[in-house]
Amino acid sequence: MSTHSALFKLGMDLEAPSTTHAEEQTHFVRDAVSADERKDHFVVKNGVKCAGTHLIIDLHDAENLDDLEHIEKTLVQCVETAGATLLHIHLHRFEPNGISGVAVLAESHISIHSWPENGYAALDVFMCGDAVPESCIEVLRTAFNPRSLVVEEILRGTGV
């Protein structure tokens, strides 16, 4: 089965228009990077060999959580600041409010789910290789001005 056929069966036909619901979407696509440019290798962090660092971030009493363009720009800034490689962004606006989305990276991903009515957002920042996911914390603090920002760090792929 060709890649195209497999994607079509998953509802991801590359040649047909999207069949997703009428939703507000933003897409950025970057050409595939060569093997030499990829930053997807295991690293040693704090003396531990791992696939990468996964940050679980909670924003409380935050601002701009229903502003799709602001969230998009913030995710792009996180990617750039971390030294990661952006492959694709997909954001979805919920009615009456809230945004969920993901920035797919060569080094993994950044996801966001917001509940503006509660001033709350949940983010995952997972990066491997030479990317620095911790640099996203200040970008998020500046962009969303939360009263509280809680970070949990998990080293993924230890023991592999």
Under a Cβ-only charge scheme (Lys and Arg +1, Asp and Glu -1), can you give me the dipole magnitude of the stretch 21-156 about the Cα centre, in debye to the nearest 20? 480 debye
Cut-off 13 Å between beta-carbons: net charge of the residues surrounding ARG141, Lys and Arg +1, Asp and Glu -1: -4
Two-site label geometry, HIS109 and PHE94: point separation in nm, points 7 Å out along Cα→Cβ: 1.6 nm
Efficiency by 1/(1 + (r/R0)^6): what FRET value for ASN64 and LEU155, r their Cβ-Cβ distance, R0 = 41 Å, to the nearest 0.05? 0.85
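If each residue of separation counts as 0.36 nm, what is the full-extension length gain between ASP130 and GLN77 once their alpha-carbon separation is subtracted?
Going from the current span to full extension adds 17.4 nm.
None of the figures in this text is laboratory data; all of them are computed from the coordinates on show. Note that the structure is predicted; figures quoted are calculated from it, not measured. Glycine also receives a Cβ, built like all others from the backbone with ideal geometry; neighbour counts cover every protein chain displayed.
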